[in-house]
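Novice: Below is one structure. I have some questions about it.
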Amino acid sequence: MNEFLKELQDSARQVMEGAGTPAKEESTWGQLVELGWLLTAVPEELDGLGLGADALCMLSGELGRNLSEAPFLPAALAIEALVQSGLENKAELLAGLTMGGELATASLAGSDVTASGSGDSLTLNGKLVAVQSADNASQLLVWSNDSQCVALVAADQAAVEAVSRPGWDVTRRLFDVTLNGAAGVALAQGAEAEALVARLLNLRDFAMAADSLGGANALLELTIVHLTDRVQFARPLASFQALKHRCADLKVEIAAAEALLNDSLLKIEGQLGSDDAVFRGKKAKYLASATYSKVAEECLQLSGGIGMASEYPCHLYLKRSMLSEHLGSQGSYEADIAEAFLRQLSI
Amino acid sequence: MSSENSTDLLRQEVRAWLQENVPAGWREAMTNVDQELFFEAQRDWFKKLSAAGYATPHWPEGWPGGGRSLAEQKVIYEEVARADAPRLILYFVALYHAACTLMECGSKEQQEKYLPGILNGEIWCQGFSEPNAGSDLASLKTKAERRGDKYIINGQKTWSTMAQYADRCLLLCRTDNSGPPQAGLTYLLLDMKSPGVSVVPIHQITGDDEFAEIFFDDVEVSVDDLVGEEGNGWAVAQATLASERGLTLVELSQRMRYSLSFLAEAMQANGTSEDPVLRRELGNVIARVDGACALADQYLLKRISHQEQVGDASLVKLYYAQALRAYTTLGRKIAGLDGMFDPGFMRGATQETGNWPLDFMNSYNWSIAGGSNEIQRNIISERMLKMPREPKSWKWEGGR
């Protein structure tokens, strides 16, 4: 991580420490818009900071630490799609989405969408799942099943229906969205769309990995404080090897998943969406979300009775980690990793 | 930019050299052979490598092959792993532990006396662990008694790698019992041919015998062979243990990564390539092995930029040991019953032979030797995570 990004991280950490856990949606969203976090990955020629995926991941990590409710990731994906598009009025749209507080959101999991038409007269049909904060969005980022079309769809049309799906993870509000012949504007079509979808899903994997690792780190820190403060048998619990060795095991899992994420971001050299980058993103996301779940499962046990109380935040991390394991591309990440590996071997 | 270019050039140069020089089929040649043949192969490989300057990149400038930056050393190790070259296990203690200890803590006379011998292929072993001093190394009891200008050594060492072939030994002894355990230790250099030294190889569960016990019966060591001050042996031993500076784990994790293809070959060989459960487990192991490589890499980069923190080395070793266990366990699972009917073993092969029960058993070398997983967990939890230490005193309270 370069010096500038490191400084940005320090200030983001400070901001988030004041935001509470979980960091509330409305205030956090307002703050991150105001602080220009949505501009970090936008290229400099479009008035952004040009810090790319590294910055998005760093910020996702900081938001993950505090179980942020704000839809930063889907918003960043929509902004990235717009940046990559050739839309004539993209500067104006970007200004609204990055600094105007306007939200374009997207699915954090799967979608089943078909598109017809072209340019600004697309017709879209189908369903998106796990669309974050859809009720606050003015636009939806959508891609078709065949990856031949990436589009922005206005959320306020009658042909778009968003239904809230309350779930175990209360830190992200997810919606099912149905498109019944909704009108949309193409951001990319054909081969360009295909490349863009690969790029967006790749970015989503990396950012989700970062969110998971932020949460895992924060929860392990919280648990160590608990173990250090709580005295039983006239000793702090943290002095028992049976407990601290488990903390060491969690630390080492987190460290490896972090190293893999950072190494991957370095090695892809900005080439998001390439076969190599997609493979690395799958591995990073898989290892990070598996680690998050393991950390959360262990920390619930290590917290003892207090972990079962809703006033104590351990369960919020657990529920977010369980959801995060299932978000991202649908199907099995492990199977995808094996397939990509075997394909590489046969070349 | 220029240093990046120079490592790129070095990489090409090393890669080309290895392509020419790695003995073809060395793994097959080392399968089920006696130790003498292995010894000869190691000697030949050492001669080749040191003639090319790749055996001593970590030595200071002025020595053959020396003066390489840590970044350049990393390149050499990565390429050695990539080429699947034999590991120099017979010479490792001499080239790293002995040489680095001498350079850091030895006198000028000691350096002049011993370093040229190491370059010429003298074999060293390490005499640290004892039957009752493993994880608790500082409690060691082998005694060194000062008499005139000599120390008289009595006691026993164990788990000494390649001691049966060694010319010399890095010996950690007790010269004082009065203070805390670490305070009374003294570091000596021992000629293994001295009268009173006897070595008994330890037959391992894998069929190999890489380790030995060393017995000392009134063995004499000149005070000229005292490294550092008497009673300062613990500090000198730390220099020995820090000598390879994470390079070994960069190499080993890369070797493990290149060996992932053995898992795919094993699946192909017995028709399980399409088994969805095995494929998922393969995906999991691939991600973990990549994690191990990234962690080892990051650690070395931290060392290069002087940002290492206490516990970092423990993270690398613990994760590697666990990834290796997962990798070899999956191999056993894929090989199934058939894997249990090939007791052949391979000398100097590390833990990637494709003989899965063998590799699995060898993986314990990395979770036990050089600070067991449990010791690494102590270091990580107490020194990195700042959790309180286990109470020191202990009293037997119940019957058995």
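Novice: Please specify each residue of the range B:121-170 satisfying the condition of being assigned to a strand (DSSP E or B) and small (Gly, Ala, Ser).
Specialist: Hits for the range B:121-170 are B:127, B:133, B:144, B:155, B:160.
Novice: Only one of B:61, B:40, B:36 is out of contact with any helix residue (DSSP H, G or I) (no Cβ under 7 Å at 6 or more places or on another chain), within 23 Å of residue B:94 (Cβ to Cβ), among the charged types (D, E, K, R) and not in a helix (DSSP H, G or I). Can you tell me which?
Specialist: After applying the criteria, what remains is B:61.
Novice: Taking only the range B:258-287 into account, find how many residues are closer than 15 Å to residue B:352 by Cβ and either crowded, with 22+ Cβ neighbours inside 10 Å or in contact with an Asp or Glu (Cβ under 7 Å, 6 or more places away or on another chain) (or both).
Specialist: Here the count works out to 7.
Novice: Could you check the range A:115-136 and list, in sequence order, the residues that are at negative phi and touching a Pro at 6+ places or on another chain (Cβ under 8 Å)?
Specialist: A:131, A:132, A:136
Novice: Among the numbered criteria (1) within 30 Å of residue A:192 (Cβ to Cβ); (2) free of Cβ contacts under 8 Å to residues at least 40 places away in the same chain; (3) within 7 Å of another protein chain (Cβ to nearest Cβ), which single criterion is violated by residue A:255?
Specialist: Status for residue A:255: all satisfied but (1).
Novice: Considering every residue within the range A:186-195, establish whether at least one is within 13 Å of chain B (Cβ to nearest Cβ) and out of contact with any Cys (no Cβ under 7 Å at 6 or more places or on another chain).
Specialist: The answer is no, given that none of the residues of the range A:186-195 is within 13 Å of chain B (Cβ to nearest Cβ) and out of contact with any Cys (no Cβ under 7 Å at 6 or more places or on another chain).
Novice: Taking the range B:294-342, which residues are modelled with pLDDT of 95 or more, away from every other protein chain (no Cβ under 13 Å) and more than 23 Å from residue B:282 (Cα to Cα)?
Specialist: Result: no residue meets the conditions.
Novice: Report yes if some residue within the range B:104-119 is hydrophobic (A, V, I, L, M, F, W, C), within 16 Å of residue B:231 (Cα to Cα) and not assigned by TED's automatic domain parsing to the domain that holds residue B:199; otherwise report no.
Specialist: Scanning the range B:104-119, I find at least one residue that is hydrophobic (A, V, I, L, M, F, W, C), within 16 Å of residue B:231 (Cα to Cα) and not assigned by TED's automatic domain parsing to the domain that holds residue B:199, so the answer is yes.
Novice: Name every residue in the range A:96-108 that is within 15 Å of residue A:197 (Cα to Cα) and hydrophobic (A, V, I, L, M, F, W, C), in order of residue number.
Specialist: Across the range A:96-108, the qualifying residues are A:106, A:108.
Novice: Okay, moving on. Taking residue B:85, is it in contact (Cβ under 8 Å) with a residue 12 or more places away in the chain, more than 28 Å from residue B:297 (Cα to Cα) and outside any helix (DSSP H, G or I)?
Specialist: Spelling it out, it is not the case that residue B:85 is in contact (Cβ under 8 Å) with a residue 12 or more places away in the chain, more than 28 Å from residue B:297 (Cα to Cα) and outside any helix (DSSP H, G or I).
Novice: Give just the number: which of (1) part of a strand (DSSP E or B); (2) more than 21 Å from residue B:243 (Cβ to Cβ) does residue B:178 not satisfy?
Specialist: Tallying (1) part of a strand (DSSP E or B); (2) more than 21 Å from residue B:243 (Cβ to Cβ), residue B:178 fails exactly one: (1).
Novice: Looking for whichever is modelled with pLDDT under 95 and part of a helix (DSSP H, G or I) here; the options are B:277, B:250. Which one fits?
Specialist: Among B:277, B:250, only B:250 is modelled with pLDDT under 95 and part of a helix (DSSP H, G or I).
Novice: Can you tell me which condition residue A:188 does not meet? The list is (1) in contact with a strand residue (DSSP E or B) (Cβ under 8 Å, 6 or more places away or on another chain); (2) within 18 Å of residue A:330 (Cβ to Cβ), and all the others hold.
Specialist: (2)
Novice: Now a separate question. Restricting to the range B:323-337, give me the number of residues that are in contact with a helix residue (DSSP H, G or I) (Cβ under 9 Å, 6 or more places away or on another chain) and either over 13 Å from residue B:360 (Cβ atoms) or in contact (Cβ under 8 Å) with a residue 60 or more places away in the chain (or both).
Specialist: 7
Novice: Which condition number in (1) in contact with a strand residue (DSSP E or B) (Cβ under 7 Å, 6 or more places away or on another chain); (2) aromatic (Phe, Trp, Tyr); (3) under 30 Å from residue B:351 (Cα atoms) is the one that residue B:216 fails?
Specialist: Every condition holds for residue B:216 apart from (3).
Yes/no per residue for (1) assigned to a helix (DSSP H, G or I); (2) buried (at least 18 other Cβ atoms within 10 Å of the Cβ); (3) outside the structural domain of residue B:262 (by TED's automatic domain parsing):
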residue	(1), (2), (3)
B:344	no, no, no
B:354	no, yes, no
B:366	yes, yes, no
B:370	no, no, no
B:376	yes, yes, no
B:380	yes, yes, no
B:394	no, no, yes
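Rundown of residues vs (1) in contact with a Lys or Arg (Cβ under 9 Å, 6 or more places away or on another chain); (2) in contact (Cβ under 8 Å) with a residue 40 or more places away in the chain; (3) assigned by TED's automatic domain parsing to the domain that holds residue A:254; (4) not aliphatic (A, V, I, L, M), yes/no style:
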site	(1), (2), (3), (4)
A:7	no, no, no, yes
A:18	no, no, no, yes
A:31	no, no, no, yes
A:55	no, yes, no, no
A:69	yes, yes, no, yes
A:83	yes, yes, no, no
A:87	no, yes, no, no
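Novice: So which pairs qualify, if the first residue must be in the range A:327-347 and more than 11 Å from chain B (Cβ to nearest Cβ), the second must be part of a helix (DSSP H, G or I), the Cβ gap must be under 7 Å, and the two must be at least 6 apart or on different chains?
Specialist: Hits for this filter: A:327/A:208; A:328/A:204; A:328/A:205; A:328/A:208; A:328/A:285; A:329/A:201.
Novice: Could you list, in sequence order, the residues of the range B:135-175 that are modelled with pLDDT of 95 or more, more than 30 Å from residue B:120 (Cβ to Cβ) and charged (D, E, K, R)?
Specialist: B:141, B:143, B:145, B:146, B:147, B:174 - these are the residues of the range B:135-175 that are modelled with pLDDT of 95 or more, more than 30 Å from residue B:120 (Cβ to Cβ) and charged (D, E, K, R).
Every residue, every condition in (1) within 24 Å of residue A:194 (Cβ to Cβ); (2) assigned by TED's automatic domain parsing to the domain that holds residue A:205; (3) β-branched (Val, Ile, Thr); (4) within 22 Å of the chain's Cα centre (by Cα), yes or no:
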site: A:94; (1), (2), (3), (4): yes, no, no, yes
site: A:117; (1), (2), (3), (4): yes, no, no, no
site: A:126; (1), (2), (3), (4): yes, no, no, no
site: A:139; (1), (2), (3), (4): yes, no, no, yes
site: A:144; (1), (2), (3), (4): yes, no, no, yes
site: A:156; (1), (2), (3), (4): no, no, no, no
site: A:167; (1), (2), (3), (4): no, no, no, yes
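Novice: Would you mind finding the one in A:283, A:294 that is surrounded by 23 or more Cβ atoms within 10 Å (Cβ to Cβ), within 13 Å of chain B (Cβ to nearest Cβ), under 17 Å from residue B:281 (Cα atoms) and in contact with a Leu (Cβ under 8 Å, 6 or more places away or on another chain)?
Specialist: A:283
Novice: Look through the range B:382-392, keep the residues that are buried (at least 18 other Cβ atoms within 10 Å of the Cβ) and in a loop (DSSP other than H, G, I, E, B), and return whichever of them is farthest from the other protein chains (Cβ to nearest Cβ).
Specialist: Among residues in the range B:382-392 that are buried (at least 18 other Cβ atoms within 10 Å of the Cβ) and in a loop (DSSP other than H, G, I, E, B), the one farthest from the other protein chains (Cβ to nearest Cβ) is B:385.
Novice: Only one of B:225, B:149, B:167, B:209 is within 18 Å of residue B:96 (Cβ to Cβ), acidic (Asp, Glu) and in contact (Cβ under 8 Å) with a residue 40 or more places away in the chain; which?
Specialist: The match here is B:167.
Novice: Determine if the range B:262-271 includes at least one residue that is within 12 Å of chain A (Cβ to nearest Cβ) and not hydrophobic (A, V, I, L, M, F, W, C).
Specialist: For the range B:262-271, residues within 12 Å of chain A (Cβ to nearest Cβ) and not hydrophobic (A, V, I, L, M, F, W, C): present.
Novice: Still on this structure, I have one more. Show me the helices (runs of 4 or more DSSP H) entirely contained within the range A:1-92 in which 1 or more residues are of a type in the set (Val, Ile, Thr), farther than 23 Å from residue A:192 by Cβ and within 18 Å of the chain's Cα centre (by Cα).
Specialist: A:25-34
The values are calculated or read from the model by the stated rules, or taken from the named source; none is laboratory data. From a predicted model like this one, the values you see are computed outputs, not experimental measurements. As a convention, Cβ positions derive from the backbone with ideal geometry for all residues, glycine included, and neighbour counts pool all protein chains shown.
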